[in-house]
Amino acid sequence: MKLFKDAGHLFRLAGVFLLGTLSFLAIRAFVVPHSFGQYGHYRGAAIAEIAAHPVHFAGHQTCETCHSDIAQTKSAGKHAQVNCEACHGPLAKHADDPSIDPGKPDVAVLCVRCHSASAARPKDFPQVDADQHSGGIPCTTCHQPHNPVIAAGGAK
Amino acid sequence: MNITRRHLLILLPAAAVAWESVLAGTPESSPNYTMTEHWWGMLIDIPKCIGCGNCVRACQAENDVPDGFFRTWVERYHVNDWQLANPQVISPDGGKEGFPSVAEDPEGKYFFVPKLCNHCADSPCTQVCPVGATFISPDGVVLVDQKYCLGCAYCVQACPYGCRYIHPTKKVADKCTLCYHRITKGLTTACCEACPTGARQLADLKNPADPIHAFLKTHSVQVLKPQMATGAKVFYNGLDGSVR
């Protein structure tokens, strides 16, 4: 007795199944990014892509390589812990090309952002009612922003 | 131009090679950075926050965050003695331009709470992504692969802290990357760089020399919504119990 009598349809079905599996594997290899699964269920290359975004804030260490004089003035005063770009804004472009003018911050807006009086602020943080304190005179008339204590030399 | 069978046979492998390079992605951009040596988080010192909004502006400038959307924002809490469980919270334009001033001797207490992605170690948002477009990187930062994201917004709903949004023009999920492009280059985040009082500090929990370890030993810190067991890595010092 022949064991696989009339078994042709099974082989045909197996062939179709094999073909389907192979084409699935081929398509999958083509469309799934290679780094998918490198670290987990995601595209590993995405990490390097996100890390390659451009930097806008140069960081105070970069500023201080050129502006060491201001860093020194600042380190002696109350603003020692305030980083350059906290007031001057993002200046990576200026750091890359010093000919780009960083511009001066507008003290009328800048100082009161932190120092306008509000009971919501920590009690030990220096705050003033700007109108009463100076009557509209720019803060920099008396305070040198890099070391704001008036005894330290006043405006420069 | 007529493409003969011969031309096609030559062109096909070339196209395959080109597609291969697309799939491979861009090469490593920070050669001196080893992901497995870091585990990033942040420390927020509530008593130091003055609500100036510097962090919000810095984040928007650094990451091109669209107007009206926030990767970080500052909330101002007003808690009355007789309403401890129902604080009044405001965050006008994310606190970007500061807050209205409060008169002397107010009723109850006021304080600021800066918020951002908590970069949870067991984050709910990455677990719901149907395509693997959002993930926790080996150094503990929750990131979005915007080339892979479908914009289905499951993750936006899943985040218990409201830290995600759908980008209005890219139509994909967007969120705080903990300035991944900066921390991998040895810089601190834009918000920490711009914070004038040091209320925000980037923390590398795998670095034994990081001051975070001394701080955590000597202070009572909290995370937001600890009952959700998200493994949040943004630690708050001096956080009021009314903060949600």
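The values are calculated or read from the model by the stated rules, or taken from the named source; none is laboratory data. Bear in mind the structure is a predicted one, so any value in this text is a computation, not a measurement. Ideal geometry is used to build each Cβ from the backbone, glycine not excepted, and the neighbour counts take in all protein chains shown. We work out accessible area using only protein heavy atoms, side chains counted, and drop any ligands, DNA or RNA first. Shrake-Rupley method; radii C 1.70, N 1.55, O 1.52, S 1.80 Å.
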Out of all the residues in the stretch B:95-104, which are at the interface with chain A (Cβ under 7 Å from one of its Cβ atoms) and of a type outside the set (Gly, Ala, Ser)? B:PHE99, B:VAL102, B:GLU104
Is it true that some residue in the stretch B:118-130 is under 21 Å from B:ARG57 (Cα atoms) and not β-branched (Val, Ile, Thr)? yes
Among (1) among the small types (Gly, Ala, Ser); (2) open to solvent by 10 Å² or more (accessible area, probe 1.4 Å); (3) on the phi > 0 side of the Ramachandran plot, which single condition is B:SER101 missing? (3)
Residues of the stretch B:162-184 satisfying the condition of being β-branched (Val, Ile, Thr) and over 9 Å from the mean Cα position of the chain (by Cα): B:ILE166, B:THR169, B:VAL172, B:ILE183, B:THR184
Please give the number of the condition B:SER21 fails out of (1) small (Gly, Ala, Ser); (2) assigned to a helix (DSSP H, G or I); (3) modelled with pLDDT of 95 or more. (3)
Of the residues that make up the stretch B:170-181, is at least one acidic (Asp, Glu), surrounded by 18 or more Cβ atoms within 10 Å (Cβ to Cβ) and within 30 Å of B:PRO87 (Cα to Cα)? yes
Selection count where residues are open to solvent by 80 Å² or more (accessible area, probe 1.4 Å) and more than 19 Å from B:ALA190 (Cα to Cα), scope the stretch A:77-101: 4
For the stretch B:42-94, which positions are more than 13 Å from every other protein chain (Cβ to nearest Cβ) and either assigned to a strand (DSSP E or B) or among the hydroxyl-bearing types (Ser, Thr, Tyr) (or both)? B:MET42, B:LEU43, B:ILE44, B:THR72, B:TRP73
Which one is farthest from the other protein chains (Cβ to nearest Cβ) among residues in the stretch A:106-129 that are part of a loop (DSSP other than H, G, I, E, B) and surrounded by fewer than 16 Cβ atoms within 10 Å (Cβ to Cβ)? A:ASP106
Check off (1) buried (at least 16 other Cβ atoms within 10 Å of the Cβ); (2) in contact with a helix residue (DSSP H, G or I) (Cβ under 8 Å, 6 or more places away or on another chain); (3) within 24 Å of B:GLY198 (Cβ to Cβ); (4) within 14 Å of another protein chain (Cβ to nearest Cβ) for A:ALA51 and give me the number that stays unchecked. (3)
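Please list, ordered by residue number, the helices (runs of 4 or more DSSP H) wholly in the stretch B:131-244 having 1 or more residues that are within 14 Å of chain A (Cβ to nearest Cβ). Quick ask: steps written out before the conclusion?
Values: elements: B:154-158, B:180-183, B:190-194, B:212-218.
Of the helices (runs of 4 or more DSSP H) lying wholly inside the stretch B:131-244, those with at least 1 residues that are within 14 Å of chain A (Cβ to nearest Cβ) span B:154-158, B:180-183, B:190-194.
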Condition (residue is open to solvent by 30 Å² or more (accessible area, probe 1.4 Å), at the interface with chain A (Cβ under 8 Å from one of its Cβ atoms) and acidic (Asp, Glu)) applied to the stretch B:105-124: is it met by at least one residue? yes
